[in-house]
1. Indicate the gyration tensor shape class of the stretch 86-128 (rounded, prolate or oblate), computed on the Cα atoms with a ≥ b ≥ c the square roots of the eigenvalues: a/c under 1.5 is rounded; otherwise a/b larger than b/c is prolate and the rest oblate.
2. Please list, by residue number, every one of the trypsin sites (Lys or Arg not before Pro) in the stretch 61-156 that is coil in DSSP and has at most 14 other beta-carbon atoms within 10 Å.
3. May I ask you to derive the FRET efficiency for residue 78 and residue 261 from their Cβ-Cβ distance with R0 = 41 Å, giving the value to the nearest 0.05?
4. Mind checking the dipole of the stretch 211-269: about its Cα centre, +1 per Lys or Arg Cβ, -1 per Asp or Glu Cβ, Debye to the nearest 20?
5. If you take the beta carbon distance between residue 253 and residue 68 as r and set R0 to 30 Å, what does 1/(1 + (r/R0)^6) give as a FRET efficiency, to the nearest 0.05?
6. What dipole magnitude, in Debye to the nearest 20, does the stretch 33-183 give about its Cα centre under +1 on Lys/Arg Cβ and -1 on Asp/Glu Cβ?
7. How much area per residue is accessible in the stretch 89-175 when the probe is 1.4 Å and only protein heavy atoms are counted (Å²)?
8. Note down, for the stretch 158-223, the three equivalent ellipsoid semi-axes (square root of 5 times each alpha carbon gyration tensor eigenvalue), biggest first, whole angstrom.
Amino acid sequence: MMISPVHRFRDIERTPEYLQPEKCVPPPSRASLGTMWFIRDGCGIACAVVTWMLVFYADFVVLLVMLVPSRDYVYSVINGTLFNTLAFLALASHFRAMLTDPGAVPKGNATKEFIESLQLKPGQVVYKCPKCCSIKPDRAHHCSVCKRCIRKMDHHCPWVNNCVGENNQKYFVLFTMYIALISLHALIMVGFHFLYCFEEDWTKCSSFSPPTTVILLILLCFEALLFLIFTSVMFGTQVHSICTDETGIEQLKKEERRWAKKTKWMNMKAVFGHPFSIAWLSPFATPDQGKADPYQYVV
């Protein structure tokens with residue numbers, strides 16, 4: 001039987017010499033693990049700031065260029081409320097996805113004392129990550145940006161300056177969904193505003209000069225179209241990954257499935273919580289996913 005490169009690598013990790021517990025620094029105490037999660041990556045921080053700036057720019061154009069000058073008060077109130085609600089939910093989802101621990105395995109727990117405390121039975125195997133010196137559970141992968149092993153890591157996203165993993169995938173999915181919705185909403189309003197300005201005097205359809213209005217609307221249209229396509233594809237990819245219970249890394253590496261297969265509904269509940277409710281759409285509701293103790297690493 002042919003052995004894949006992944007299996008060969010993991011077979012090397014099975015050897016006791018490879019663990020080298022004496023070279024690992026003891027892990028931090030559980031009390032120190034309650035600090036806020038934030039990745040100090042220059043590129044990721046810049047991308048996160050740009051994301052917020054683009055949302056604020058879209059809100060500026062929607063409100064001050066299109067809705068405030070409108071003579072239709074009901075139209076302005078309805079669309080302004082809807083757009084700002086979706087924008088608020090998008091930014092809240094981004095905030096939660098960025099500052100939530102995605103499922104990091106504690107560093108340096110591959111010590112001799114910790115391995116002995118596991119009380120392994122004959123035939124049981126533990127795997128060590130040589131990069132962060134941690135004993136990692138099955139389906140965990142090391143992120144070179146976060147410098148940690150992440151449980152059920154899907155990918156590292158610079159736009160949220162964090163990995164997308166077991167604990168924050170819900171917030172990332174909501175972020176892509178709400179960005180796609182406000183992008184679509186902005187495109188529709190830009191189309192109606194152009195039609196309105198063509199029918200009316202350009203000097204009366206905006207508080208800005210006609211050239212400035214056109215430039216601002218074109219920039220918003222380009223931004224909304226670009227992010228509508230990008231986030232829609234990402235949202236569909238994430239939903240498919242959740243339903244099939246296979247992360248992006250596992251799909252890319254074509255790893256052999258070693259975990260129990262569940263229904264699509266069970267996989268969705270594992271990410272968004274149980275039972276189905278409006279809380280699935282809220283970035284403020286933390287799903288009760290019934291995760292295992294993060295200190296259990298035997299596979």
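1. In terms of gyration-tensor shape, prolate.
2. Qualifying residues, ordered by number: 71, 131, 147.
3. Using R0 = 41 Å, I get an efficiency of 0.35.
4. Computed charge dipole of the stretch 211-269: roughly 380 debye.
5. Efficiency, from the Cβ-Cβ distance: 0.05.
6. Result for the stretch 33-183 is approximately 600 debye, rounded to the nearest 20.
7. 35 Å²
8. Equivalent ellipsoid semi-axes, largest first: 36, 12, 7 Å.
The values are calculated or read from the model by the stated rules, or taken from the named source; none is laboratory data. Treat the numbers as computed from the prediction; the structure is a model and nothing was measured. Neighbour counts run over all protein chains shown; Cβ positions are idealised from the backbone, glycine included. The accessibility values were calculated without ligands, DNA or RNA, using every heavy atom of the protein model including side chains. Shrake-Rupley method; radii C 1.70, N 1.55, O 1.52, S 1.80 Å.
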